[in-house]
1. Membrane-span-like helices in the chain: DSSP H runs reaching 24 Å or more (Cα, own axis), mean Kyte hydropathy at least -1.0?
2. Which trypsin sites (Lys or Arg not before Pro) from segment 91-129 combine a DSSP loop assignment with at most 14 other Cβ atoms within 10 Å?
3. When the chain is fully extended, how far beyond the present Cα-Cα distance does GLU199 get from THR355, taking 0.36 nm per residue of separation?
4. Let me know the longest stretch in the chain that avoids all GluC sites (Glu not before Pro) found in a DSSP loop with at most 15 other C-beta atoms within 10 Å.
5. Pull out the extension gain between MET1 and GLU62, defined as 0.36 nm times the separation in residues minus the alpha carbon to alpha carbon distance; nm, one decimal.
6. Can you give me the three principal axis dimensions of the chain from its C-alpha atoms, in Å, biggest first?
7. Hey, got a sec? Which trypsin sites (Lys or Arg not before Pro) in segment 176-274 land in a DSSP loop and have at most 16 other Cβ atoms within 10 Å?
8. Provide the descending list of Cα extents for segment 37-189 along its principal axes, expressed in whole angstroms.
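Taken together, the values in this text are just the output of simple stated rules run on the coordinates, not laboratory data. Just so it is clear, the model here is predicted, and its values are computed rather than measured. Reconstructed Cβ throughout: ideal geometry from the backbone, glycine too, with neighbour counts over all protein chains shown.
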Amino acid sequence: MRTFPPGFLWGAATSGHQTEGNNINSDYWQREYAPDSTVPEASGDACDSFHRYPQDIALLAELGLNSYRFSVEWCRIEPERGQVSVAMLDHYRRMVDCCLQHGLRPMVTLHHFTVPRWMSALGGWRNPRAAELFARFTEIALPIVRDGVEWVCTINEPNVVACAEGAKDPDAEPVAYGMARPNGQVSAELVRAHRMSREVLAALPGVRSGWTVATQAIHALPGCADEAYAYSYPLEEYFLEAARDDDFVGVQAYTRTFVGRAGAVPPPAGAETTLTGWEYFPDALAIGVRQAWKVTGGVPVLVTENGIATADDSRRVDYVRDALAGLHQAITDGVEVPGYYHWSALDNYEWGSWTPTFGLIAVDRTTFRRTVKPSARWFGALARKNALP
Ligand code: BGC
């Protein structure tokens, strides 16, 4: 038995846009339904978690988990600039209370990829005052996390946000594999936004705040260490370094990326890949966790996402078991890890497609009926034991 530290958080994660449904005031919805949209599938009703969150939360608690990570939608709370919806603040506060009633410790993410349409019209993260707008939103959202919420993530995967912006740059280089180069101005604005948001959150002494970084377990091809570092630094280390003074840093790990002379290259021929096309590589988690610990100089590393897109649920169990074995070894070696959140609680909307199923719980797209998968029961049993057999 490999036992995890006392009080370890065993959770599952979701995001608002991917689960709530009808998030019509967000920039992503706007992209999904634009006449010239390049987004293959739309989110629509998603998992209808906007109405069904009590059931989702109850299921996670029944399984044996002790935490739930979810995000709030800025575009619902501040649908027009400066217009605050008290009803939506109440809605998200009810989600927090629902977690607490079920014995789940809520972890709240303030920004998970989407911004309000009005914010997007102002240039989104390219606006030089974007940080101020996000800090103001953080103030507005304080009542949601005021009591009973210990963990708050300001911005989910700022590095992916910066890459998404980089891909839109007129001089963006074509990317054969991996991610576009992050837009440096956006990266810097995200750091500023994160710092300002943390300052606002500091008004609540019970809150521990940080952000969550997508780590890619970057592997240099032979003779390409310099190229790998040049690829990695603006994508990962830059964002991890910015977390040095934070209460925690989140790591979100799924796969590894090989880097050669001309940038990222696909996984080796014959490698097992998942429904996202990523290489099956459970060690990505321990690599990301150790890297975050090293680069931040010892900031507690919370695993805020880890999982696999697969239709073969037994492969999910294999993946998580091996990822957790590596995580346990990192903890044994001295890395402080307060918890692990599986991505995802539900089979949800995977940013343009419904095919990659990451969930512990399946969701029928027309009836919204939830079906607990065997992997969920397996994972819940680990959580109850706080140990990996
Ligand atoms: C994101 C999630 C996404 C998951 C799988 C992360 O990049 O935070 O929104 O669904 O990985 O791609």
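1. Both cut-offs are met by 184-201, 313-332.
2. Working: sites: ARG93, ARG94, ARG117, ARG126, ARG129; in loops: ARG129.
Passing sites in segment 91-129 are ARG129.
3. Separation in residues times 0.36 nm, less the Cα-Cα distance, equals 52.2 nm.
4. The answer is 42-271.
5. So the chain would gain 19.7 nm between MET1 and GLU62.
6. 56, 51, 43
7. On the way: sites: ARG192, ARG195, ARG198, ARG208, ARG244, ARG256, ARG261; in loops: ARG244, ARG256, ARG261.
The qualifying sites are ARG244, ARG261.
8. Its Cα atoms span 51, 35, 28 Å along the three principal axes.
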